[in-house]
2 protein chains.
Amino acid sequence: MNFTSKISIKITLIAIVLTTFSCKKETEVNVINENETTTNQEHPNLILTAQGVQDIRAQLGNVPIFDNTLQKVKEEIDAEIALGIDTPIPLDYSGGYTHVRHKRNMVVLQKAGVLYQILDDEKYAKYVKDMLMQYEDMYKMLPLHPKTRSYARGKLFWQCLNDSNWLVYVSQAYDCVYNYLSEEERNKLETNLFRPFADHISVDSPQFYQRVHNHSTWGNAAVGMIGLVMDDEELIDRALYGIKGVALDTKAKDDDGGFLNKDGKAGFLANIEEPFSPDGYYNEGPYYQRYAMYPFLVFAEGLHNVKPELKIFEYKEGVLLKSINALLNLSDADGEFFPLNDGQKGMSYYNDALVTAVDISYHFGTQDPGLLSIATEQNKVLLDDSGLAVALGIKNGKAKPFEKKSINLSDGPNGTQGGVGILRNKDIELVFKYAAQGSSHGHYDKLSYSLFENGEEVIQDYGLARFVNIEQKGGGNYLKENKSWAKQTIAHNTVTQNETSHFTGKYDIGSKYHSDLHYFSSDNENVQVVSATETNAYPGTEMLRTMAIIYDKDFEKPYVLDIMKVVSNKANKYDFPYYFLGQVLNTNFDYKVPETLKALGSKNGYQHLYVEGIGKSKEENTKFSWLNKGKFYSLTTVSDSNDDILFTRIGANDPEFNLRREAAIMLRRKNTKNTLFVSAIEAHGNYSPISESAVNSNSNIAVLKVVLDTEAYTAVSITNINGRTKLFITANTNASKEVKHNIKINDKNYEWSGSYYFN
Amino acid sequence: MNFTSKISIKITLIAIVLTTFSCKKETEVNVINENETTTNQEHPNLILTAQGVQDIRAQLGNVPIFDNTLQKVKEEIDAEIALGIDTPIPLDYSGGYTHVRHKRNMVVLQKAGVLYQILDDEKYAKYVKDMLMQYEDMYKMLPLHPKTRSYARGKLFWQCLNDSNWLVYVSQAYDCVYNYLSEEERNKLETNLFRPFADHISVDSPQFYQRVHNHSTWGNAAVGMIGLVMDDEELIDRALYGIKGVALDTKAKDDDGGFLNKDGKAGFLANIEEPFSPDGYYNEGPYYQRYAMYPFLVFAEGLHNVKPELKIFEYKEGVLLKSINALLNLSDADGEFFPLNDGQKGMSYYNDALVTAVDISYHFGTQDPGLLSIATEQNKVLLDDSGLAVALGIKNGKAKPFEKKSINLSDGPNGTQGGVGILRNKDIELVFKYAAQGSSHGHYDKLSYSLFENGEEVIQDYGLARFVNIEQKGGGNYLKENKSWAKQTIAHNTVTQNETSHFTGKYDIGSKYHSDLHYFSSDNENVQVVSATETNAYPGTEMLRTMAIIYDKDFEKPYVLDIMKVVSNKANKYDFPYYFLGQVLNTNFDYKVPETLKALGSKNGYQHLYVEGIGKSKEENTKFSWLNKGKFYSLTTVSDSNDDILFTRIGANDPEFNLRREAAIMLRRKNTKNTLFVSAIEAHGNYSPISESAVNSNSNIAVLKVVLDTEAYTAVSITNINGRTKLFITANTNASKEVKHNIKINDKNYEWSGSYYFN
């Protein structure tokens, strides 16, 4: 308590020097500090600490990015205060007024609380108090939210998830004004608002709370954070370990089709344990990791501050901080997250949750100077101890580029359930997914990929079918096309067999399996390769896909080599699409466009595809080129003249225009057992509508050829238009680094060590 | 000649001071200056002048934007010199190698010539000389270009147009090295290359040269510029006044369907006279104005320098400089030209032709400081006298914002053939076209418009169906869909009657007529209005369209009010499309999506539209909202329950995927004589995929209602969701500013002066 009296003195001095109106305020501050002695904890102690507040105040005006953030937040909150407080009776789904208002209030409360601590201006504390009291007054009378769509209805919001969001933020605000409030006021709030609020989202909603799921993480953090502020060990325990004595039906499912609680685990620690792989990959993918990140990290920050003995940032070998590095690596050149599984495109590390993640990772981790360059791009910091550390780091010129290289991220709690491989070579990025199902937000897309050039999608993953928070589109929630289209295998750049999705599109089957890494190799900076197998998606069929990004000096840019080897015990129909974005330029094959557009099929996503063109492939190589955002692309694929080629477009059976009208070119190979799909995708040249000049607009590949395909090896030759040939051989079975290979192709010997040969 | 010896002395001094390797060079320079005395003109004298070169050299190193441009050009040309010279035998269409190479050579020659003058480094002169000699060697043997598609084949290129481009640039290069060459060398070049080159594109190709057309402008400028350098009065005369004694068939047509020479006019002055209106609007629209601008201005600059007595910049009351202002005003907030008529989207004032235009306009005009801000954005200047003036202006802090306001630009040589009205209000821009046919690049789109918000298209004009210079798409030339789709009325945001285009899509009919301005009013900064009539597009039918952008404080952003009044002597079917860009959000009416997509019709552009949805409008107002690039839009249209509503998508009968798959919503009113289409288009709110917050996503209009519609007046009330009503009354007949109006609507009197009432 010695320390707080120092603050008090400092405030007094400032008050005397700066203003003659400060007498009343000064008195109040002293009163507050007296109040504080009645609690057995210092406040603030969650994201701000008493020491941190002192440091921040000392640095104000000297740390540009912190000062700018503070100034913006101050302007934002001053404007809100001027508007007055509104805590409407809950009525709406996401996007509706009451939803938006309460969501806004939680953020405003948190920011106002922080401003009170940093600026020591009572008006912010009063504003927080007044709003909290209005909530207290309303909450004690509130029934369940009137909208009934959720499996776990909240009170302020239609789902407990949003109620939990609210409490995670508002706990921070309460922490900030804790000492400002009288004991009586605190009792009132805790008894009528916070405690019953925490109970509603936990003991009253076990189907929401008692799980391993991003929803539960929010719930756990909400209960835990208010518990930390209230110094309530019961709530803290409930947060960390789940509700004592409650076990859910392990076969029940939630709204999204996910199991409620397959193995009975619950609580914040279980939520760290389960979804994160040792590499920090989050099983639902980056979009949901971003969403879950905030409660993981702010609650961890609070635990670190209040219960340092837990060593939360070292838990599971420091996986929380590792996960931030993984998440940053799961973004393209513009910082946008790869839309694996259910992911809304455009979400990026500019999201506030990532400001939290970057700042916390820097402060509580190893002060990686690469994080400072991302913080510089974000152009804001947390208004707390970690944000100050980042702002000071930037100010002191410590920032270095955050270099994203090829990286392999394992999936599964123990890193043994497949993973995601990201290949990077100059401006070309390829994301290859061979992970587990990805919980209820997973898609049926084993061995799928998407391709980017300098942050622009070239071969896209559709992402989700949802307009998050846009009320006009299904209340801002998942649209039915998410299931009927976005999750289906045919919506992805992988093989669909017999017009059926992987695992027949069944979540409980998909959840049992995962693909397996065959090898990942990024040692040679010119050749980055990832290879993985999938043996369960279609029982009786094995798939081995090897994808490489190769930079060959004869080419302007790195190109993709894609070898998909399919071995089956029966004849099947295989569909192999490329969801290219942009304008068709030309093809080397003939095709016809139908008079009327019909759907390609009736189910499993096929009902959403129009057939816009039908052709037959060429004997040796089928070629197709397109233009997207001023850049040229060419696909060269090894084909035989039996392959059908379809031009498709998304949008059939879409009665509310929920889907984007985007195209694909699709290879269809019928009545085939074992087969090989081999393609090269080149990025080349550019076009400017200003200079109207088209540079390097043609493919540089003359012939792509399979020169060997055995159980053990597949070898592909790439001959460019100048007649120079390169050979890529991948080991299909024994591919570990140390193994020596020696094979003969066309009377020539090839000898090498390791997974692949390229020369 | 006194002046040139000064230069010579200066060069000598520099040479002695700077380098010990300069003895040889110095000698050569002296030789050159002796040569010069044998000609009766100073060189350079086209875009550079001897005095200008002296000024530029004196300022080098002190004018950042000039120095940077110079540095970039030097790097570019040094790289080209290092690559060596290639002047291949002509073979290809646009986009093919020989085409691209010769096009590149002309630019490189021009730049190398300028570098020689500014940097006084002989290597550039030698490079120009060597390449010119290669051309001389080839040209004298060249037959017509082997590709036969053009109505006027060139020799280096498949069309005389490109040959003319070449000569316009290469004349400048020749001028720059004129004094460097010996008389013998000059004779060789002039006799074997330049003179026959000028003859081929003029006397040998009168169908190309002897016209009023942007093609001919290039031809005239090419002949004139080489004439100025060669001091050849015959060529200069031919350039200014056309080929003496040649008259073309006034009914013949060119490749694009335009008349070759309807009224027998020809030559550069006629090409200024005819296509420019007194306001500087170019009859083909901004895309072709941009293309034509360069020859207009560089030849004018040359004429100004060599023949100041012509007062070319004062010709037709200074229309050349006025036209630059008009062109800059025909661009959106990003500087991209509105795609009126045949216009490729993305072309902008960052094009080099506009660097020329802006610099020349500044230097030879009134030194408008607004031009300096555009030059700053362009971030380059001409390496000549005018570029130096601009660079100095910027350096001296004279730049001011170029403010684009609402503007009305008349069309026609005398400004009496309709025009284009641009309404601007905050971030909303509307371009309304009521012009003449627009020569062979015109579209059949009377009273059409397109709408922009902050440089993004909201309601689009399709533009052209062409991928300029992309060889894979029809050799980079116009695609057949340009005629079958892009020019047709249904491709535009205006009324199509009985599924037939305006003037039945016939160029000779369309060329006889133009729309007429009813009124244009931009005095009130909150209400910008343009109104025009069209009485010839459909004989027996009169259209009066009044479009306003209104800023009402009850609305977040300005909204568009659109009143299209149709009066016909018989019952017709009217189609009224809105080519919105983006994702459908919702509608207030029911519609069905068909099982299979069929074309809406079989001709006049209808064959290219798929019908994606069919509905019936609501009794009073039909509403439709959409989301585009993070912004919300709502259409509210006055309808009756007989109106059909169609969702259409471009792309039917498009066997080579030449068309973009973009959407429209279309009102269809059948079996109707007189009618009124009244709509409001609101821009509102925004959506961020990073914060996932949807702000102000709903329309603010509760009811849109026609409260009066007589021959004399149409009155529309706009009631917002808070119940406040505004009334807009437009005078349909007597709309001049001075007229006083007094009418009674629903027992209330309205009195005002001028074209419209709003309150």
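The values are calculated or read from the model by the stated rules, or taken from the named source; none is laboratory data. Just so it is clear, the structure is predicted and the values come from calculations on it, not from any experiment. Every residue, glycine as well, gets a Cβ built from its backbone with ideal geometry; the counts of neighbours run over all protein chains shown. Ligands, DNA and RNA are excluded from the accessible area calculation, which covers all protein heavy atoms including side chains. Shrake-Rupley method; radii C 1.70, N 1.55, O 1.52, S 1.80 Å.
Some values worked out for this structure:
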item: Whichever residue in the range B:640-652 is surrounded by 18 or more Cβ atoms within 10 Å (Cβ to Cβ) and not aromatic (F, W, Y) and, among such residues, is farthest from B:G474 (Cα to Cα); result: B:D643
item: Unique match (being in contact with a Phe, Trp or Tyr (Cβ under 9 Å, 6 or more places away or on another chain) and surrounded by fewer than 22 Cβ atoms within 10 Å (Cβ to Cβ)) among A:I509, A:I549; result: A:I509
item: Residue within the range A:401-418 that is buried (at least 20 other Cβ atoms within 10 Å of the Cβ) and part of a helix (DSSP H, G or I) present; result: no
item: B:R661 vs. criteria within 11 Å of chain A (Cβ to nearest Cβ), basic (K, R) and crowded, with 19+ Cβ neighbours inside 10 Å; result: no
item: Wholly within the range A:691-759, strands (runs of 3 or more DSSP E) carrying at least 3 residues that are away from chain B (no Cβ under 14 Å) and open to solvent by 20 Å² or more (accessible area, probe 1.4 Å); result: A:701-709, A:740-745, A:748-753, A:756-758
item: When residues of the range B:558-580 are limited to those that are part of a loop (DSSP other than H, G, I, E, B) and surrounded by 19 or more Cβ atoms within 10 Å (Cβ to Cβ), the one nearest to the other protein chains (Cβ to nearest Cβ); result: B:Y579
item: Matching residues, the range B:332-361, being away from chain A (no Cβ under 11 Å), surrounded by 24 or more Cβ atoms within 10 Å (Cβ to Cβ) and small (G, A, S); result: B:A357, B:S361
item: Residue tally, condition under 32 Å from the mean Cα position of the chain (by Cα) and open to solvent by 30 Å² or more (accessible area, probe 1.4 Å), over the range B:621-639; result: 2
item: Residues within the range B:703-753 that are touching an Asp or Glu at 6+ places or on another chain (Cβ under 8 Å) and small (G, A, S), tallied; result: 2
item: Contacts under 6 angstrom Cβ, first residue in the range A:40-52 being closer than 12 Å to A:I226 by Cα, partner open to solvent by 30 Å² or more (accessible area, probe 1.4 Å) and not in a loop (DSSP other than H, G, I, E, B), 6 or more apart; result: A:N45/A:N305; A:N45/A:V306
item: Test for B:L423: is it outside any loop (DSSP other than H, G, I, E, B), open to solvent by less than 10 Å² (accessible area, probe 1.4 Å), more than 20 Å from B:F576 (Cα to Cα) and touching an Asp or Glu at 6+ places or on another chain (Cβ under 6 Å); result: no
item: Subset of the range A:457-477 [away from chain B (no Cβ under 12 Å) and open to solvent by 20 Å² or more (accessible area, probe 1.4 Å)]; result: A:E457
item: A:P401 being at negative phi and without any contact (Cβ under 8 Å) to a residue 40 or more places away in the chain; result: yes
item: Qualifying residue in the range A:303-322 (condition: in contact (Cβ under 8 Å) with a residue 60 or more places away in the chain and either within 14 Å of chain B (Cβ to nearest Cβ) or open to solvent by less than 30 Å² (accessible area, probe 1.4 Å) (or both)); result: yes
item: Qualifying position, being away from every other protein chain (no Cβ under 12 Å), closer than 17 Å to A:R668 by Cβ and at pLDDT 95 or above, among A:N642, A:N604; result: A:N604
item: Qualifying residues in the range B:42-91 (those that are outside any helix (DSSP H, G or I) and aliphatic (A, V, I, L, M)) - the one farthest from B:Y180 (Cα to Cα); result: B:L91
item: Residue check for B:A683: closer than 25 Å to A:R101 by Cβ, away from chain A (no Cβ under 14 Å), touching a Ser or Thr at 6+ places or on another chain (Cβ under 9 Å) and assigned to a strand (DSSP E or B); result: yes
item: Boolean, B:S501 is in contact with a helix residue (DSSP H, G or I) (Cβ under 9 Å, 6 or more places away or on another chain), open to solvent by less than 10 Å² (accessible area, probe 1.4 Å) and of a type outside the set (D, E, K, R); result: yes
item: Options A:L235, A:L269, A:L193, A:L228: the member that is in contact with a helix residue (DSSP H, G or I) (Cβ under 6 Å, 6 or more places away or on another chain) and either farther than 30 Å from A:M131 by Cβ or open to solvent by 40 Å² or more (accessible area, probe 1.4 Å) (or both); result: A:L269
item: Residue satisfying condition, being open to solvent by 30 Å² or more (accessible area, probe 1.4 Å) and in contact with a strand residue (DSSP E or B) (Cβ under 6 Å, 6 or more places away or on another chain), within set A:K618, A:K603, A:K670; result: A:K670
item: Among (1) in contact with an Asp or Glu (Cβ under 9 Å, 6 or more places away or on another chain); (2) within 14 Å of another protein chain (Cβ to nearest Cβ); (3) not in a strand (DSSP E or B), the one test that B:N586 misses; result: (3)
item: Single condition B:P539 does not satisfy, out of (1) out of contact with any Asp or Glu (no Cβ under 8 Å at 6 or more places or on another chain); (2) part of a strand (DSSP E or B); (3) open to solvent by 10 Å² or more (accessible area, probe 1.4 Å); result: (2)
item: Scan of the range A:85-121 for residues that are open to solvent by 30 Å² or more (accessible area, probe 1.4 Å), in contact with a Phe, Trp or Tyr (Cβ under 8 Å, 6 or more places away or on another chain) and farther than 21 Å from A:S171 by Cβ, ordered by number; result: A:L91, A:D92, A:Y93
item: Conditions (1) open to solvent by less than 10 Å² (accessible area, probe 1.4 Å); (2) under 20 Å from B:Y513 (Cβ atoms); number of the one not met by B:P286; result: (2)
item: Criterion: aliphatic (A, V, I, L, M), open to solvent by 10 Å² or more (accessible area, probe 1.4 Å), under 20 Å from A:D163 (Cα atoms) and modelled with pLDDT of 95 or more - qualifying residue of A:V203, A:V212; result: A:V203
